[in-house]
1. With each pseudo-label sitting 7 Å past Cα toward Cβ, what's the residue 102-residue 521 distance in nm, one decimal?
2. When the convex hull of the C-alpha atoms of the range 475-537 is computed, what volume per residue in Å³ does it have?
3. If the viscosity is 0.890 mPa s and the temperature 25 °C, what translational diffusion coefficient in µm²/s does Stokes-Einstein give for the range 184-257 when Rh comes from Kirkwood over Cα pairs?
4. Which stretch or stretches of the range 432-449 have amide N atoms under 14 Å from the point lying 7 Å from residue 493's Cα along the Cα→Cβ direction?
5. So if I restrict to the alpha-carbon atoms in the range 422-499, what is the Rg, and what is Dmax, the biggest pairwise distance, in Å?
6. Taking R0 as 60 Å, what FRET efficiency do you get between residue 417 and residue 112 from their Cβ-Cβ distance, rounded to the nearest 0.05?
7. Just need log10 I(q)/I(0) for the range 144-294 at q = 0.12 Å⁻¹, Debye formula, equal scatterers on the alpha-carbon atoms, no solvent, rounded to two decimals.
8. Work out how much length residue 281 to residue 566 would gain on full extension: take 0.36 nm times their residue separation and subtract the Cα-Cα distance, in nm to one decimal.
């Protein structure tokens, strides 16, 4: 902020100078001798063009009364916080999707540039992306460690080669940054010395008896040099600026034309600040909040470098600039409010996951399968946890400790449970060793069918046996697998020459299918059944077909046989209905026909209701089958039962209708 108040007597530039104030009250009129000094000092004839005319006018004003010096105090700048991690990520979306190795390679290339200022934003973004991916890897590593029975307190992460390369490259960047900071600090000290030298030169100009043109040109040259010099140490900045502005005021007081010259200068300052206002207003259309905010920070720095503006425009121009600043800050606050809202929602989601995890921890599980099932559930919860975004910084660490505590408790209980399984695992090892011996006794057998059945039984029994001590797991499994593989490899080699026979069987079965298609059912049910059984027997006797045709030809065969049975059943249902109708007709002349029909109707209603109940139960049960190959087979069987029951129901309902007639 500009400050035109007088300097303290201890201020460096106040030594040997009169202590003055910049009161806006008019000064007293100058006497004749002083007028002559002013005329001599200004020497309008040597000033160029418009400046000479303006200087002459100012001189005439000074001959009568010295104009008050305008004192503009720049309002305080709006507080602009530093850019945070979210803005760094938003500014570098091109890194999304890169893996750790790609990020390291990019970093290694970047740090070859020793100019830290050119690469610092990109390095920061790469570091954030790398740390995010590395944390995910460490979380997965921890999860596997815990599932394996490890304790969280004993978990130690070992850096992989990619992490080591990253740390080495980032170390180069830190060294360069430290060196550049050291060089920058030295440069600031040099800049401080240069600006203090300019202050001394300003003192000399103020004390000089040179012409106005000479002193004014020298003054402008000093101002230009002042602006070109870079930053100084922060501790010296405020005092340096106060001294500089004090001496600027002293210069304008000295030449007695400070008011008009300052007006010209302030007009230029006004134009410059109007341009900054326009640039700030253009930032409202910038889609990237981060870019807009960084640009706004730069505009504020430029604003502070520009001097005062005319008093009547001071508030107006500042309010315009501040209005644009406020709007950008409001957009930024809204952006972070949205982030905060998302973080709050994430916190609630993580609390819910903690509750689910704690619910799992709170129960005891009696079997290995139960523990494995709950381990899977907890892993799924952890998987969901990793998809939930972060909460606030403080809450995020607290909720993670809560969730991790639940996982630690669960795996500690699991470890204690499995510690008690040692004796059982030793027993399982003995049983599996016995299976290995039996499999090894079968692996050289040539009784293919019998040996295959026995080998499959051994494999099924193997699946029912629980785990063995970990150090024996691979060894015992490889032994059993080797025996099984040896047998089935020999069997496959033996049967590989049967392809021609299977092709012949395929042709025979296709011929039989054509025969079944041409078969017509007769009126005698027993004869029909004998014919179908004969087809079935011949089908089985033909033998195996190539595996790739097995399912298709068996399906066609089943559909044809089922079609014959369906036709027989329909014929039988029609015959049964006709027989029932004839029976009802025969009862017409019976004096007890009414009672007989009523009893028969009651029987039919009972059977109908029972059949309806069975259909309801079957249809309800069919909805519980999961999606799997075995479940589909069961579903098909149930559907067949339901269809048959519905056909039987139609027959009974038709008979009931006949009885009620």
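Where a number appears in this text, it was derived from the coordinates with a stated rule and is not lab data. Note that this is a predicted model, so its numbers are computed, not measured. Positions of Cβ are generated from backbone atoms using ideal geometry, with glycine treated the same way; all protein chains shown enter the neighbour counts.
1. Between residue 102 and residue 521, the label points sit 6.7 nm apart.
2. Numbers: hull volume 7.7 nm³, N = 63.
Value for the range 475-537: 123 Å³ per residue.
3. Numbers: Rh = 12.8 Å.
Rounded to a whole number, D works out at 192 µm²/s.
4. What the label zone holds, given the 14 Å backbone N cut-off, is 443-446.
5. Computed over the Cα atoms of the range 422-499, radius of gyration and Dmax are 13.9, 50 Å.
6. On the way: r = 55 Å, r/R0 = 0.92.
With R0 = 60 Å, the Cβ-Cβ based efficiency is 0.60.
7. One equal scatterer on each Cα of the range 144-294 leads to -0.80.
8. Values: separation 285, 0.36 × 285 = 102.60 nm, distance 8.35 nm.
Residue separation times 0.36 nm, minus the Cα-Cα distance, leaves 94.2 nm.
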